[in-house]
Amino acid sequence: MIIATIKIMMTHIRREEMNEKMNDGKMRNNANEKMESGMEKNKEKSDMPNSIQNSTPLIHIRPITEEPSNLKTQSNTQCKKILYVDDEEVLRKLAVRMFSAAGYYVKTATNADEALKILESESFNLVITDFDMGHTNGEELTKAIKSKYQKMPVIIVSGNEDNADRAKDADAFFQKPLKIDDITTAAKELIEKYDNHDS
């Protein structure tokens, strides 16, 4: 009984040893295959020109700016220019994006005094101004512009509908929130009107 048990154990041990040897052989074969494959790839790579081996994909990333559309229009001499005046930064940024998307070059001013200084050094095809801006409102700015630049169209915008009666010197009045299609259409028509009048 004991001898039979020992024989069975020895047989089991031998089988395990044989399995281990077979597994080791397989692992070695796999390792050799990987090494040979790697050597072949390296050989193929070494046969390639250096310009291909060392090449990396070229990715041209366009920098994101606050006024993306203006990058295109600044170099276009035929582009119409709009000066947008508003004391709220968020609305100025929205105006830049809105009118730039419509094909205009847009510059902004935070108040009436700044707008008048800009107009002294740069020409524009249209001024759009908010009505309520603190020290000098849109009505007073419009009068100042019209007295000095008679052929400059002006649009007044306001969140208060009652200010429409005080915007008589302006060429158009729009109530906030602005509808993009309406005000861009009005801008286009006014610019064309004054351009045709000049010609």
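Among the numbered criteria (1) assigned to a helix (DSSP H, G or I); (2) out of contact with any helix residue (DSSP H, G or I) (no Cβ under 8 Å at 6 or more places or on another chain); (3) farther than 22 Å from Asp195 by Cα, which one does Val96 miss?
(2)
For the range 101-130, name all the residues that are modelled with pLDDT of 95 or more and part of a helix (DSSP H, G or I).
Across the range 101-130, the qualifying residues are Ala112, Asp113, Glu114, Ala115, Leu116, Lys117, Ile118, Leu119, Glu120, Ser121.
In the range 143-199, how many residues are outside any helix (DSSP H, G or I) and under 33 Å from the mean Cα position of the chain (by Cα)? Walk me through it before giving the result.
At the first step, the residues of the range 143-199 found to be outside any helix (DSSP H, G or I) are 149-160, 167-179, 199.
Filter once more, keeping what is under 33 Å from the mean Cα position of the chain (by Cα): 152-160, 171-179.
Count: 18.
Could you list all residues from the range 144-199 that are out of contact with any Ser or Thr (no Cβ under 6 Å at 6 or more places or on another chain) and acidic (Asp, Glu)?
Within the range 144-199, Glu161, Asp162, Asp165, Asp171, Asp181, Asp182, Glu189, Glu192, Asp195, Asp198 meet the criteria.
Give the range 171-198 a look and list any residue that's among the small types (Gly, Ala, Ser) and in contact (Cβ under 8 Å) with a residue 40 or more places away in the chain, or say none.
Of everything in the range 171-198, just one residue is among the small types (Gly, Ala, Ser) and in contact (Cβ under 8 Å) with a residue 40 or more places away in the chain, namely Ala187.
Are any residues in the range 160-177 surrounded by fewer than 19 Cβ atoms within 10 Å (Cβ to Cβ) and either acidic (Asp, Glu) or in contact with a Lys or Arg (Cβ under 9 Å, 6 or more places away or on another chain) (or both), and if so, which ones?
Within the range 160-177, Asn160, Glu161, Asp162, Asp165, Asp169 meet the criteria.
The values are calculated or read from the model by the stated rules, or taken from the named source; none is laboratory data. In this text the structure is predicted, and so the values were computed from the model without any measurement. Please note: Cβ atoms are built from the backbone with ideal geometry, for glycine as well, and neighbour counts cover all protein chains shown.
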